[in-house]
Amino acid sequence: CRLEIVNSYARVREIIAENEANNEEFKIAVVITIEGGHALGCGHVVQKTNSNRNDSNTPANVDEAKLLERVNALKGVGSAGTPAWEPTPLWITLAHAFGNNIIGNAQALPKFYKPKLRFFEPHWKGTESGDTIPEYELTLNKGMTPTGEKIIKRLLGIDGNNQGRRILIDIKHMSIRSRLKYYEILDVNKAQYPDDNIPIILSHGGVNGEPSITTAGKDPTDSHEDWLRRDRREKFNPWSFGLHDDEIIRIHRSQGLIGLIVDQRVLACRKRVPPIRSKLWSSRKWARLVTDQILHIVKTVYAEGLSDKADIWNMICIGTDFDGGINPMDKYKTATRFKELFENVESLLGESKFESYRDGVDAHALTVNIFSKNALDFLKKHY
């Protein structure tokens, strides 16, 4: 098996054809994306250290002009000091589980993981006199900075500088304040340029079952206790990193993409996955965590009465988070189990509760769309 970093959808299709024609060697097409705006050179707390984490002659943080120069390079427009990327990323997830001086982040980590993460860059801080641990939640629930707004507009090519390829924005890990500001930016652009449709992406996540991000509190607790107390009938993790119902509608209207993660903690509240009894669950029962998400997404759009409501089936895919998943579903811990996940999702989509939403499309076709075709179609349109 070989990996090949690709620069276009056309090359992805070629690799698929090569795999179908060649049984001796399998090739995986890799589409570059970036998770964490700190990778641009901002928000790092590392200043100076005697180890190799950061050389004092190479500052971890750069000024706004340099950040925008690096954004241009990501888009394929190089400069004397910053060569152009080839290939360019499809999207960038600007937020992550910590601050970066660009955009506020939502709570993402169970309380037991926070102390461990503090020891790793960009949280870790080294000084000549010794190591200290900085505050963890520097930008938790905060909003977008003025520099962050400039970076987003430059990435999307809506700041008057439309050189290079548009790089899409992934809303995963964004705080409520940051997402609301991002939606405002999109709304303003849409009002000025009605034909310029910018798809909203959630690359690896799920829904939280809450009705509206506009009425949600901007300083959610997102505590371990919230996750524990949630009634099992409400099913989903209530934390603010999940999609609210009005965000699902936004994604549908933008012809975006929802990547459903296979992390049980993100997909469901604790009472939905009891820690002892769930060890005895069948693989089919674990797969229901995924189809619960699908049903909620589809029902939310159909309830809106939109004429193109059936298109939501083309905007759902699997977004595993690769090895970033903290607590994958017990029966689906690796990609070797995905054939079984496919089969169980197909079986569950055939249940009567989905019948009024399938619009005559059989469960197998819908499952193929969710597991592969929808993501490929998105690539075809935007890469």
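Brief remarks follow.
- Ranking S283, G259, S178 by Cα position along the charge dipole of the chain, where only Lys, Arg, Asp and Glu carry charges on their C-beta atoms, puts S283 farthest toward the positive end.
- Taking label positions 7 Å along the Cα-Cβ direction at both D63 and D231, the computed distance is 5.6 nm, reported to one decimal.
- Nearest 10 degrees, 0 to 90: helix 64-74 Cα axis against the chain principal axis: 50
- Tilt relative to the chain, helix 9-21 - C-alpha long axis, 0 to 90 degrees, to 10: 50
- Helix 176-192 vs. the chain, principal-axis angle (Cα, 0 to 90°, nearest 10): 90
- Each of the peptides 314-326, 287-299, 20-32, 65-77 was scored by the mean count of other Cβ atoms within 10 Å over its residues; in descending order, highest first, they stand as 287-299, 65-77, 314-326, 20-32.
- Calculated accessible area for segment 222-328 comes out at 41 Å² per residue, all protein chains present (probe 1.4 Å; ligands, DNA, RNA ignored).
- Surface composition of the chain: carbon plus sulfur atoms contribute 51% of the solvent-accessible area (1.4 Å probe, protein chains only, all chains present).
- Residue (of L348, V30, A84) at the positive-pole extreme of the chain, dipole from beta-carbon charges: L348
- For the chain, calculated [θ]222 nm from helices alone, where every DSSP H run of n ≥ 4 adds -39500 (n - 2.57): -9500 deg cm²/dmol
- Cα→Cβ-extended label distance, 7 Å offset, between A84 and I326, nm: 4.0
- Segment 182-331: Lys pairs at Cα distance under 29 angstrom, eight or more positions apart or on different chains: 22
- When both segment 225-263 and segment 293-353 are represented by their alpha-carbon centers, they are found 12 Å apart.
The values are calculated or read from the model by the stated rules, or taken from the named source; none is laboratory data. As the structure is a prediction and not an experimental result, all values here were calculated from the model. Reconstructed Cβ throughout: ideal geometry from the backbone, glycine too, with neighbour counts over all protein chains shown. We work out accessible area using only protein heavy atoms, side chains counted, and drop any ligands, DNA or RNA first. Shrake-Rupley method; radii C 1.70, N 1.55, O 1.52, S 1.80 Å.
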